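Read the structure below first, then the notes.
The values are calculated or read from the model by the stated rules, or taken from the named source; none is laboratory data. The model shown is predicted, which means the values in this text are computed figures rather than measured ones. Positions of Cβ are backbone-derived with ideal geometry, glycine not excepted, and every protein chain shown enters the neighbour counts.
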Amino acid sequence: MFKKILIANRGEIACRIIRTARAMGITTVAVFSDADRNGLHVQMADEAVYIGSDPAAESYLRIDTIIKACHTTNAEAVHPGYGFLSENADFCKRLAEENIVFIGPPTEAITAMGDKMTSKRIAAAAGVNCIPGYDGILRDGDHAVEVAAEIGYPVMLKATAGGGGKGMRIARNEEECRQGFARAASEARSSFGDDRMLIEKYIERPRHVEIQIMADTHGNVIYLGERECSLQRRHQKIIEEAPSPLLDEETRRAMGEQAVRLAGAVNYCSAGTVEFIATEDKDFYFLEMNTRLQVEHPVTEMVTGLDLVELMLRVADGESLPLAQEDVNLGGWAVESRIYAEDPLRAFLPSIGRLVRYQPPENEPGRIRVDTGVFEGGEISMYYDPMIAKLITCGRDRQEAITLMQEALDEYVIDGVRHNVGFLGALMAHPGFRQGALHTGFIAEEFPEGFRDVDVVEADPVLPIVIAAIMHRLYMDRAARISGQLPGYERRVLDDWVVIVDREHHPVTVRPYQADCGYRVDCNREHYGVMTDWSFCQDILRATINGKRLVFQVSRQGLGYRIVHRGKTTRAQVLTPRAADLYQLMPKKSQEDQSKLLQAPMPGLLVQLRVEEGHVVKTGQELAVIEAMKMENVLRAEMDGVIGKVCCRRGDSLNVDQVILEFE
């Protein structure tokens with residue numbers, strides 16, 4: 001077995017690989033850029049080598065620098081993780097020339113499967129179901145429109161070297177096809193250095209189901225079940241689970257056997273994933289093959305009991321697979337949520353900054369797992385993917401896994417950057433998700449105006465009101481025990497309060513139990529028995545309410561309380577009945593008019609500015625393009641108008657809410 005390996009990656013995947021390598025007694029070498037100088041993967045590794053400045057092109061994508069780091073540290077092999085150089089055939093070749101082992105598939109397999117057109121031809125020859133499309137590379141936007149007319153709309157435009165939702169666009173008409181080609185090609189050129197585009201028929205309301213395979217250098221190939229990855233936003237996976245709610249054993253076997261045939265056709269070895277799109281009728285079609293470890297591999301590990309990174313290391317060292325197909329057993333149900341630094345309430349725009357507070361739920365072997373690459377006090381950079389962590393839960397069945405996920409999300413504390421924990425909680429509670437009625441357009445269809453707090457399905461909307469009342473009572477009880485109060489003027493603790501949420505008044509009575517130190521709360525003619533050992537410094541309030549254990553994130557904000565539960569954030573004030581009556585007379589603060597400003601919705605690089613001062617623009621017209629976290633974001637005019645002032649120039653680095661244009 002290898003004595004020392006270098007991990008050509010960063011963040012959570014680097015940390016995850018380090019954990020397995022350490023358990024196997026393998027020394028690890030991390031690489032880092034300026035932005036990651038204090039990164040968690042750097043702290044965890046046995047050694048660390050600086051490889052360049054912040055942009056990936058100047059650090060994590062520098063093949064010569066990474067090879068030099070291998071020689072400097074005497075690393076025998078390189079694990080690429082996912083993204084960056086993980087599917088770069090040139091990198092694989094260079095390592096072989098330097099007698100450094102690439103912990104992944106052979107160069108030929110990466111080359112064949114890395115090009116979507118070539119992979120589709122190989123898949124068809126191997127007897128794998130394929131989607132109808134154009135067998136060639138598109139020349140330009142006009143050619144895309146011409147081919148789309150022959151295939152029939154809708155169509156999918158996708159970069160041959162794409163992945164992770166980048167370089168992909170759905171077009172439903174000629175205009176969308178022409179614009180989508182330009183935008184997708186630009187993204188692909190920026191992300192992969194390859195702007196070649198292909199086109200195929202877009203399957204409406206498909207499900208995204210993928211098969212995990214593992215192969216060794218001795219000709220053994222097995223499949224390790226499937227993962228359902230249908231919950232996506234802009235082709236970026238959000239929730240994954242194993243197994244799929246759609247598949248039966250017959251379909252699983254058919255998918256798995258086709259995936260194995262495809263792997264055999266390219267002499268594959270190591271971990272890989274064959275992705276399919278499937279219909280509700282269980283018809284399925286080959287999408288692409290990812291010749292690397294997938295982001296969502298932990299759900300497969302949870303239901304199979306296997307460590308995929310360990311298997312990759314052993315296979316790369318020449319060992320045979322330790323199990324055959326008949327030895328693969330799926331047990332339980334696993335769900336993974338991707339925790340991102342983004343703001344769901346602002347169209348999921350990326351968020352950067354320092355993690356002022358970071359408290360993930362505790363790992364529980366076989367039940368709760370957190371794969372993360374950040375820590376409290378660390379920073380989320382604008383240069384890399386905005387993923388904070390992956391949260392995985394496993395139960396005996398799907399409903400138990402979802403319930404565990406809801407509880408774990410309720411315990412996930414993140415402050416300092418915006419994040420999507422509330423949105424993930426809302427997805428877990430959504431009736432469609434709980435029923436397994438999934439497709440890749442689920443989020444766009446169920447949240448057409450983006451995510452809002454009102455979209456959260458609440459089992460009992462009174463619970464946050466009860467918790468606010470309990471917290472206030474505890475604060476009042478503490479204040480009443482302060483020593484030195486003047487005789488006859490001691491603070492009295494009332495039982496009757498009014499909780500105000502969104503200016504709606506909820507009369508609440510909070511009385512302590514004499515026997516068991518709990519509280520009885522009466523609200524909206526309902527009675528709640530509450531037991532909690534919460535103390536004032538804790539971000540998490542655990543309570544038993546009417547016999548049911550529940551978890552809330554809580555904080556005191558000024559004179560009010562913030563309670564987060566099941567994806568819903570409630571801000572409440574607890575007042576005396578008299579103060580509540582007076583509160584109704586308070587005027588509402590008016591919002592500043594910003595309708596004549598175009599502001600940066602996120603931090604990023606201004607890569608395009610389409611207008612100048614004096615230009616007349618129409619509603620929907622493209623004004624600017626901001627590149628952030630490897631994605632291009634188009635800003636359009638929300639009304640007709642005239643550009644009065646241009647405040648920024650192309651190439652400027654923008655802060656969130658920075659003014660780009662002013663309208664007259």
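Sort out which residues of region 333-349 are assigned to a helix (DSSP H, G or I) and either of a type in the set (Val, Ile, Thr) or crowded, with 23+ Cβ neighbours inside 10 Å (or both), and write them in order of number.
First, the residues of region 333-349 that are assigned to a helix (DSSP H, G or I): 344-346.
The answer is 344, and nothing else.
Yes or no: region 297-319 includes at least one residue that is out of contact with any helix residue (DSSP H, G or I) (no Cβ under 6 Å at 6 or more places or on another chain), surrounded by fewer than 23 Cβ atoms within 10 Å (Cβ to Cβ) and in a strand (DSSP E or B).
Looking through region 297-319, none of the residues is out of contact with any helix residue (DSSP H, G or I) (no Cβ under 6 Å at 6 or more places or on another chain), surrounded by fewer than 23 Cβ atoms within 10 Å (Cβ to Cβ) and in a strand (DSSP E or B).
Tell me the residue from 83, 127 that is assigned by TED's automatic domain parsing to the domain that holds residue 34 and at positive phi, please. Let's see the steps before the verdict.
On the way: 127 fails: assigned by TED's automatic domain parsing to the domain that holds residue 34.
Checking each option against the conditions leaves just 83.
So, in region 522-544, how many residues would count as being assigned to a strand (DSSP E or B) and without any contact (Cβ under 8 Å) to a residue 40 or more places away in the chain? Give the steps one after another, and end with the answer.
First, pick out the residues of region 522-544 that are assigned to a strand (DSSP E or B): 522-523, 526-532, 540-544.
Add one more test, that the residue is without any contact (Cβ under 8 Å) to a residue 40 or more places away in the chain, and what stays is 522, 527, 529, 531, 542, 544.
The qualifying residues number 6.
Residues checked against (1) surrounded by 13 or more Cβ atoms within 10 Å (Cβ to Cβ); (2) more than 13 Å from residue 407 (Cβ to Cβ); (3) small (Gly, Ala, Ser); (4) in contact with a helix residue (DSSP H, G or I) (Cβ under 6 Å, 6 or more places away or on another chain):
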{"site": "532", "(1), (2), (3), (4)": "yes, yes, no, no"}
{"site": "539", "(1), (2), (3), (4)": "yes, yes, no, no"}
{"site": "545", "(1), (2), (3), (4)": "yes, yes, no, no"}
{"site": "548", "(1), (2), (3), (4)": "no, no, no, no"}
{"site": "553", "(1), (2), (3), (4)": "yes, no, no, no"}
{"site": "559", "(1), (2), (3), (4)": "no, yes, no, no"}
{"site": "571", "(1), (2), (3), (4)": "yes, yes, no, no"}
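Among 592, 612, 662, which is the only one that is in a loop (DSSP other than H, G, I, E, B), in contact (Cβ under 8 Å) with a residue 24 or more places away in the chain, farther than 25 Å from residue 166 by Cα and over 32 Å from the mean Cα position of the chain (by Cα)? Step through it out loud before you land on a result.
Numbers: 592 fails: in contact (Cβ under 8 Å) with a residue 24 or more places away in the chain; 662 fails: in a loop (DSSP other than H, G, I, E, B).
None of the others qualify; the one that does is 612.
Out of curiosity, is residue 507 surrounded by fewer than 20 Cβ atoms within 10 Å (Cβ to Cβ) and assigned to a loop (DSSP other than H, G, I, E, B)?
Numbers: surrounded by fewer than 20 Cβ atoms within 10 Å (Cβ to Cβ): yes; assigned to a loop (DSSP other than H, G, I, E, B): no.
No; evaluated as a whole, the condition is false for this residue.
When you check residue 109 against the structure, is it at pLDDT 95 or above, farther than 14 Å from residue 10 by Cα and crowded, with 19+ Cβ neighbours inside 10 Å, yes or no?
Values: at pLDDT 95 or above: yes; farther than 14 Å from residue 10 by Cα: yes; crowded, with 19+ Cβ neighbours inside 10 Å: yes.
In short, yes.
Matching residues to (1) over 19 Å from residue 394 (Cα atoms); (2) among the aliphatic types (A, V, I, L, M); (3) in the same structural domain as residue 161 (by TED's automatic domain parsing):
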{"position": "226", "(1), (2), (3)": "no, no, no"}
{"position": "246", "(1), (2), (3)": "no, yes, no"}
{"position": "267", "(1), (2), (3)": "yes, no, no"}
{"position": "276", "(1), (2), (3)": "yes, no, no"}
{"position": "282", "(1), (2), (3)": "yes, no, no"}
{"position": "286", "(1), (2), (3)": "yes, no, no"}
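From the list 628, 624, which one is of a type in the set (A, V, I, L, M, F, W, C) and at pLDDT below 90?
Working: 624 fails: at pLDDT below 90.
Being of a type in the set (A, V, I, L, M, F, W, C) and at pLDDT below 90 holds for just one of 628, 624, which is 628.
Of the conditions (1) buried (at least 16 other Cβ atoms within 10 Å of the Cβ); (2) assigned to a strand (DSSP E or B); (3) out of contact with any Lys or Arg (no Cβ under 9 Å at 6 or more places or on another chain), residue 625 satisfies every one except a single condition; which number is it?
It is condition (3) that residue 625 fails.
Just give me the residues in region 576-622 being surrounded by 10 or more Cβ atoms within 10 Å (Cβ to Cβ) and within 30 Å of residue 473 (Cβ to Cβ), in sequence order.
Restricting attention to region 576-622, the residues satisfying the condition of being surrounded by 10 or more Cβ atoms within 10 Å (Cβ to Cβ) are 576-577, 579-583, 594, 596-611, 613-622.
Those that are surrounded by 10 or more Cβ atoms within 10 Å (Cβ to Cβ) and within 30 Å of residue 473 (Cβ to Cβ): 576, 577, 579, 580, 581, 582, 583.
Picking from 437, 426, 444, 401, which residue would you name as being of a type outside the set (Val, Ile, Thr), farther than 15 Å from residue 358 by Cβ, outside any strand (DSSP E or B) and out of contact with any strand residue (DSSP E or B) (no Cβ under 9 Å at 6 or more places or on another chain)?
Numbers: 426 fails: out of contact with any strand residue (DSSP E or B) (no Cβ under 9 Å at 6 or more places or on another chain); 444 fails: out of contact with any strand residue (DSSP E or B) (no Cβ under 9 Å at 6 or more places or on another chain); 401 fails: out of contact with any strand residue (DSSP E or B) (no Cβ under 9 Å at 6 or more places or on another chain).
So the residue among 437, 426, 444, 401 that is of a type outside the set (Val, Ile, Thr), farther than 15 Å from residue 358 by Cβ, outside any strand (DSSP E or B) and out of contact with any strand residue (DSSP E or B) (no Cβ under 9 Å at 6 or more places or on another chain) is 437.
Does region 514-521 contain any residue that is outside any loop (DSSP other than H, G, I, E, B) and without any contact (Cβ under 8 Å) to a residue 24 or more places away in the chain? Don't jump to the end; show me each part of the working.
Of the residues in region 514-521, the ones outside any loop (DSSP other than H, G, I, E, B) are 519-521.
From the residues that got through so far, the ones that are without any contact (Cβ under 8 Å) to a residue 24 or more places away in the chain too are 520.
The answer is yes; a qualifying residue exists.
In the list 121, 178, which residue meets the criterion of being closer than 22 Å to residue 284 by Cβ, of a type in the set (Lys, Arg) and out of contact with any strand residue (DSSP E or B) (no Cβ under 7 Å at 6 or more places or on another chain)?
121
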